[in-house]
Amino acid sequence: GSSMGGQVMLAGEDDSPSTAAPASATPSAAVAAGALTTAAALAKPAEHTWMAIVPPTSAAPPTVAPPTVEPTPPPTTPPPTVAPVPPPTEAPAPSPTAAPALPPAVAPAPPPPPAAIPDEPFCGETEVDVEYVGIPEIRAISEIPSAGICCVICQQDPECRAWTWGPAAAGHPALGPPETCRLKKYEPDQGLTKIPRTGITSGLPFRRPQQDSMFCFCATQSSGYEIGLLKLQHKERVGIFGCDEFAVYSNKMFEVAPGVNTSTVRSDLKCDLGGEFRTALNTDIFMAVWTKVIEGGRYRYNDWTVKADPDSVFFPDRLRKVVGLYHAEANEPRGVYLNNCKFGLHGPLEIFSQSAVQTWAAGSAKCVQHFDGLCSGPCLWGEDMFIDQCLLKVLLVKRVNNFNLLQEAHCNTPDWEACQGNAVAYHPFKNEDDYRRCMTDAGFVFRDPR
């Protein structure tokens, strides 16, 4: 498989919790995940330190108690008239769109919210001193007094997918008159690029464009064959770039496709092979990536979150038809995820409902504690096996088997290289010629036939 994805489960695993390996298993059978690395971690007291990926919460506002007044002796003369002191006011509750909280042990003090942004529910992600570029502008509106109002205007415009607001910063007269709201949209071949710009505030309205909307992401090395594959996918709007929203994570920030920059994670994205089946021990890597996903919060504004490997030939339009079959399961409190292989979840294509991601984010530390105890220490699973066993056996998220999702070598799919059968994804195809050939054999019509 890709260098980013694990391959297999223990032989004999099924949906029953009783199939987990006992704590006394031999070293060759005692497999589990490596250490969870979060972007928020400020210290690592032991070689294997695990922390929960904590989803956003809505904390209750603090109650300010009235000051205590010491009793005074009765006055001998009538006291002067004193105006009553107004009671202290309570601090407003944080907006439901606040950034995800970090583990309490390592959480920095929360920054104050921007004063110019009103408390608009679901206004969307907002970034101060950042300008969004690389996408076309619909129009500019002058004399808009706040970034929050600019966001609301964007929400009300069906074409608007991003906005930028602010006075003309010093040294940047081209930005226009003061208090200008710029509404922007996405074109098929363009992505969103963020650049630092003092005095400018930008954001996304986060409207779901359609039912069963999908946020898709991948992780890639900053060099190697995956870059060419991602450029091809972006040009043809397949892979993660065919989803409603997408993100590419890497150990460095660079332009992976026109107008699309990577988001950096605290990992070198390198791992060893090991365990009983010599799989990629990449749990550390994807814990860092998942931390970035949770911090970004974009999964909260889409019905489904999809992780796809760069060397997976992945057709999101086919997946949208599949997930439409699982609305009832997705609405369960813990959500649902789709199992793509008879051996257990395989990493080239992972599909989670919104509630399943929330459950995973809140319960990852519980899973680490459970499996560390089961394996008498750090275990040797790939990321796909860890998240599969975590969701199924510890967090009790519903797992639905759909073995038509993925055709790949490590799932013993007959003739997987033929790219037939209307699967959602085929894996692996590690060079552009093979990738294009698979797309053609799957019935894809190229926008750029070369």
Completion exercise
Taking 288-299, 338-349 and ranking on average Cβ neighbours within 10 Å, highest first, one gets 338-349, 288-299
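At a 1.4 Å probe, what is the % contribution of carbon and sulfur to the accessible area of the stretch 289-393? It would help to have the intermediate numbers written out before the result.
Values: 1540 of 2950 Å².
It is 52 percent, rounded to a whole number.
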Completion exercise
Checked against a 18 Å limit on the C-alpha separation, the offending pairs among Lys342/Lys398; Lys184/Lys231; Lys321/Lys398; Lys194/Lys252 are Lys184/Lys231; Lys321/Lys398
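What's the local net charge at Val394, with K and R +1, D and E -1, over the other residues with C-beta under 13 Å away? Intermediate values should be presented prior to the final figure.
Values: positive: Arg334, Lys366, Lys393, Arg399; negative: Asp372, Asp388.
Charge balance in the 13 Å sphere: +2.
Under a 1.4 Å probe, what is the accessible area of the stretch 283-402 per residue, stated in Å²?
On the way: 3400 Å² over 120 residues.
Spelled out: the 1.4 Å probe surface of the stretch 283-402, per residue, equals 28 Å².
Place the peptides 362-372, 127-137 in order of packing, highest mean first, counting for every residue the other Cβ atoms within 10 Å and averaging per peptide. List each step's numbers first, then the result.
Numbers: 362-372: 19.7, 127-137: 16.6.
Listed from highest to lowest mean packing, they are 362-372, 127-137.
The values are calculated or read from the model by the stated rules, or taken from the named source; none is laboratory data. These numbers come from a predicted model, not from an experiment. Note: ideal-geometry Cβ built from the backbone for every residue, glycine included; neighbour counts use all protein chains shown. The accessibility values were calculated without ligands, DNA or RNA, using every heavy atom of the protein model including side chains. Shrake-Rupley method; radii C 1.70, N 1.55, O 1.52, S 1.80 Å.
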